[in-house]
Amino acid sequence: MIPLEFLAERFAQVARFTPLAPLVDLYRAAYFGADFFGGRVIQAPPLDRLELWAAALPSLGVSLAWVLVLCHLVRSVPWTARRT
């Protein structure tokens, strides 16, 4: 995955809503304990637990939205076998 800060601003804004981008931000923030949300990588300030959870809410929301969309798609597709 290309880091979002290397993309043009319009492409970076769109890429932040793909399924993998918020998860990468969450893993980075959990590992380093700093605010990496929104494409910030350089000089991310360290945060305490409550501030880190508050900063993670948009990424968690995007991830939850993708889970809901995928659950809806799985339930709406007819999974019956075709007989030939």
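The values are calculated or read from the model by the stated rules, or taken from the named source; none is laboratory data. These numbers come from a predicted model, not from an experiment. Cβ: placed from backbone, ideal geometry, glycine included. Neighbour counts: every protein chain shown.
Of note:
- Per the conditions (1) at pLDDT 85 or above; (2) surrounded by 17 or more Cβ atoms within 10 Å (Cβ to Cβ), the sole criterion not satisfied by LEU23 is (2).
- Complete set of residues in segment 3-23 that are in contact with a helix residue (DSSP H, G or I) (Cβ under 9 Å, 6 or more places away or on another chain), hydrophobic (A, V, I, L, M, F, W, C) and in a helix (DSSP H, G or I): LEU4, PHE6, PHE11, ALA12, ALA15, ALA21, LEU23
- All positions within segment 53-70 that are more than 18 Å from LEU20 (Cβ to Cβ) and modelled with pLDDT of 85 or more: TRP53, ALA54, LEU57
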